[in-house]
Amino acid sequence: MNRLAQGFTLLEILLAMVLLALVVSMISIALSGSMQVIDATEQQGDIYHRARIAMQRISDDLASAVLTDDLDFIGSRHEVGAERGDTLRFGSMAHLVFAPETQLPGIGIIGYEVVPDREREGELALLRSDLLYRPGMRTGDGPPEGERFLLCDRLRSVRFTFLDQHGEAHDNWNTRRREGEKERERGLPAAVQCSLEFWLDREQGTTLTFTTSILLPTGVIHAAQKGTNTF
């Protein structure tokens, strides 16, 4: 009787099973690594998408900023917990009209506020408010008036930096004249730098930061004419 007719020995079967287990394990590790890379790529793609939308909205709002007797430009450095969560209030021609049948176009009082994310502990959310300006209304120092909408989440920090006509950076910019204060020139910043820091992996402490600088044409023109800055 030849060897094939005798079949496999127990040792050969065990050896084949060990080799099969090794091959399956190696394939599983390779697939697991590939899936992690795919997940990380998708996550980064989602963050890039969020950042692009938020930055475009902020850029459009700030590029159309206006300064009137009633409307001030108020940007303040704030902390939310242990992280930066700056606020910003200003008038802008970029007022959004979602229902032309019931809403009117015009100047909007735009507000940005950073709050803790209710669904993700340890993360922040950036809210935007857009209130149609009416004569007599003022830009307040407190929380934005009107309904607030989520502009961006999964954030670690939000920073606004204000640049004057000399290129000097300031954490705060306030055009409001305080009671009893002497007359002073009011002007918009020449540019605003916005920085959004997103959580990539909170357990590992990794983040992605996106920064853009927005030129304020009205602020540049005013600075060129008056040679003044307000902060």
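The numbers here are math on the coordinates, done by the rules we state, and not lab data. Remember, it's a predicted structure, so these values are computed and weren't measured experimentally. Heads up, the Cβs are rebuilt from the backbone with ideal geometry, glycines too, and the neighbour counts pull from every protein chain shown.
Could you line up 133, 48 from fewest to most neighbouring Cβ atoms inside 10 Å?
Going from sparsest to densest Cβ surroundings: 48, 133.
Would you kindly derive the ³J(HN,Hα) couplings of segment 150-163 from the backbone phi angles with the Karplus curve 6.51 cos²θ - 1.76 cosθ + 1.60 (θ = phi - 60°), listing them in order in whole Hz, with x for Gly and Pro?
Values per residue, Gly and Pro as x: 6, 9, 6, 10, 6, 9, 9, 7, 9, 10, 10, 10, 10, 9 Hz.
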